[in-house]
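The values are calculated or read from the model by the stated rules, or taken from the named source; none is laboratory data. Remember, predicted model here, so these are calculated numbers, not experimental data. We place every Cβ from the backbone using ideal geometry, glycine too, and count neighbours over all the protein chains shown.
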Amino acid sequence: MELASALERLVRLFRQLTTAGDLSLTAAATLATLERTGPRRLTELAVQEGVTQPAMTQLVARLHDAGLVERSADPADGRVVRVGLADAGRAALAARREARADRLAALLATLDPATRAALEAAVPAIDALTASVPTRAPDRTGATA
């Protein structure tokens, strides 16, 4: 239980590293999904992000208005709209990650060397933990990662 509690605090900290004017967590997660998987149907995005289709439709409309995503007809079914990441969306994700990394680096710099080394030593275990959980979204070939 101590480990679970510590990981929950770490997740909270990571979320707090987001600036107030930044993308919402759902918007950032949706952009990251599109970056990882390529263009997807709105219904697939809604399932992946755990929101309703109307909520995803509203989010995609806002992201589209901001120039962060592009809409296109599905080649298999012209009635279906696919959503893909625009160059501006890719740039927004990169800027978000860089800003978060900078803030995290500043926090890490306040720790003593032994504590930083202990955190670095935990990276392989964290990688193994995250690799053991498959993503819900299939990749471009349809396989889940």
Practice task
Evaluate the range 123-139: report whether one residue or more is touching a helix residue (DSSP H, G or I) at 6+ places or on another chain (Cβ under 7 Å), in a helix (DSSP H, G or I) and modelled with pLDDT of 90 or more.
Solution key: no
Completion exercise
Ala73 passes all but one of the listed conditions (1) among the hydrophobic types (A, V, I, L, M, F, W, C); (2) surrounded by 12 or more Cβ atoms within 10 Å (Cβ to Cβ); (3) part of a strand (DSSP E or B); the exception is number (2)
Completion exercise
For the range 108-136 the number of residues that are touching a Leu at 6+ places or on another chain (Cβ under 8 Å) and not basic (Lys, Arg) is 3
Practice task
With respect to Ala114, determine if the residue is assigned to a helix (DSSP H, G or I), out of contact with any Phe, Trp or Tyr (no Cβ under 7 Å at 6 or more places or on another chain), without any contact (Cβ under 8 Å) to a residue 60 or more places away in the chain and surrounded by 11 or more Cβ atoms within 10 Å (Cβ to Cβ).
Solution key: no
Exercise for the section: Out of Gly84, Gly67, report the one residue that is surrounded by 14 or more Cβ atoms within 10 Å (Cβ to Cβ), modelled with pLDDT of 95 or more and of a type outside the set (Val, Ile, Thr). Expected result: Gly84
Practice task
Mind telling me which of the residues Glu70, Glu8, Glu49 ends up being closer than 22 Å to Pro134 by Cα, in contact (Cβ under 8 Å) with a residue 12 or more places away in the chain and not hydrophobic (A, V, I, L, M, F, W, C)?
Solution key: Glu49
